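Peer 1: My questions will all concern the structure given below.
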Amino acid sequence: MPVRAEHDRAVLAELLGRDPVLHAYQLGDLDDFFWPYTSWFRRGEQVALLYHGVQLPTLLAFAAPPRVAELAALLTDVAPLLPARSWAHLSPGLDATLARWFHVTDAAPHHRMALTDPARLARVAPAGEVLGPADLPELLDLYAAAYPGNWFDPRMLDTGQYVGIRAAGDLVAVAGVHVWSPAFRVAALGNVTTDPKARGRGLAGAAVAALCARLRDSVDHVTLNVRADNRAALRLYDRLGFTRVADFVECGLHHRG
């Protein structure tokens, strides 16, 4: 079955919606907010996304373990169409598939987690205020100090799904989203951090709790990505009721040619 560029959002939504937690980021990218920055490829029931809305294009390709070989066949067909340099989020083993055409760099195992125990989250007192575009300069200063190199698009503040905590008037903790889609009932948390001088006080957990409370009425699935070696983050999200549901690899791709 040949690979094809897929432009029908209804087709993509039906395929990706079969596993909304695994495909939360891709479902969110079907929204008008992200759609103009996307290129989609399909081979049968397998889908890959190339997202162009950041400086380094990002490839997303996920499949349940029994279907990884089918997705590998899609990527084999798509490889000649990919940019010379990109970042990738790939189900385990797909980095080896692409290594035929690309140098794979900075590979790091990650976990996809999902909120599965709201009762545990309810035991954490929420705190924080909603951030908007006027807070952007202060937010960028916080990220520069506490989370350099994170993936943040200032347009995300327009979602109204960023919560910040202040101490003595200064922004010291934040929790936000990478994806928020009421249309597809999914959210992916991201850009969660605390100023190094304010860590150890439970501020990140309080901000995440406040954000999840905001998301409760608009989504059915709250997910996030975390590096497999980030033990502090894993402990935090476990305490908040998140469970590891899938593994994947983040890596750089640099064409061998």
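Peer 1: Confirm whether Asn191 is in a loop (DSSP other than H, G, I, E, B), surrounded by fewer than 21 Cβ atoms within 10 Å (Cβ to Cβ), of a type outside the set (Phe, Trp, Tyr) and not assigned by TED's automatic domain parsing to the domain that holds Asp29.
Peer 2: Values: in a loop (DSSP other than H, G, I, E, B): no; surrounded by fewer than 21 Cβ atoms within 10 Å (Cβ to Cβ): yes; of a type outside the set (Phe, Trp, Tyr): yes; not assigned by TED's automatic domain parsing to the domain that holds Asp29: yes.
No.
Peer 1: Taking into account only those residues within the range 186-200 that are at pLDDT 95 or above and more than 17 Å from Tyr143 (Cα to Cα), which is farthest from the chain's Cα centre (by Cα)?
Peer 2: By that ranking, first place goes to Val186.
Peer 1: Report yes if Gly149 is closer than 25 Å to Pro57 by Cα and either buried (at least 16 other Cβ atoms within 10 Å of the Cβ) or modelled with pLDDT of 95 or more (or both), otherwise no.
Peer 2: no
Peer 1: Any residue at all in the range 123-145 that is closer than 30 Å to Asp19 by Cα, among the hydroxyl-bearing types (Ser, Thr, Tyr) and modelled with pLDDT of 95 or more?
Peer 2: No, the range 123-145 contains no residue that is closer than 30 Å to Asp19 by Cα, among the hydroxyl-bearing types (Ser, Thr, Tyr) and modelled with pLDDT of 95 or more.
Peer 1: Could you list, in sequence order, all residues of the range 97-134 that are touching a Lys or Arg at 6+ places or on another chain (Cβ under 7 Å), in a strand (DSSP E or B) and surrounded by 14 or more Cβ atoms within 10 Å (Cβ to Cβ)?
Peer 2: Correct list: Phe102, His110, His111, Met113.
Peer 1: Looking at the range 26-43, which of its residues are touching a helix residue (DSSP H, G or I) at 6+ places or on another chain (Cβ under 6 Å) and of a type outside the set (A, V, I, L, M, F, W, C)?
Peer 2: Within the range 26-43, Gln26, Arg43 meet the criteria.
Peer 1: Here's something else I'd like to know. Mind checking which pairs have a first residue in the range 147-170 that is closer than 23 Å to Asp29 by Cβ and assigned to a strand (DSSP E or B) and a second that is at pLDDT 95 or above and not small (Gly, Ala, Ser), Cβ under 6 Å, 6 or more apart or different chains?
Peer 2: What qualifies is Val163/Leu211.
Peer 1: Could you tell me whether Leu75 is on the phi < 0 side of the Ramachandran plot and in contact with a Ser or Thr (Cβ under 6 Å, 6 or more places away or on another chain)?
Peer 2: Yes, satisfied.
Peer 1: What helices (runs of 4 or more DSSP H) completely inside the range 1-96 contain at least 2 residues that are touching a Gly at 6+ places or on another chain (Cβ under 9 Å) and of a type outside the set (A, V, I, L, M)? Quick ask: steps written out before the conclusion?
Peer 2: Working: elements: 9-16, 24-28, 68-78.
Of the helices (runs of 4 or more DSSP H) lying wholly inside the range 1-96, none has at least 2 residues that are touching a Gly at 6+ places or on another chain (Cβ under 9 Å) and of a type outside the set (A, V, I, L, M).
Peer 1: Please enumerate the residues belonging to the range 217-257 that are hydroxyl-bearing (Ser, Thr, Tyr) and within 18 Å of Thr193 (Cα to Cα). Please lay out each step first, then the result.
Peer 2: Start the filter on the range 217-257 by keeping residues that are hydroxyl-bearing (Ser, Thr, Tyr), which leaves 218, 223, 237, 243.
Hits for the range 217-257 are Thr223, Tyr237.
The values are calculated or read from the model by the stated rules, or taken from the named source; none is laboratory data. Please read these numbers as outputs of a predicted model, since none were measured by experiment. Cβ sites come from the backbone with ideal geometry, for glycine too, and all protein chains shown count toward neighbours.
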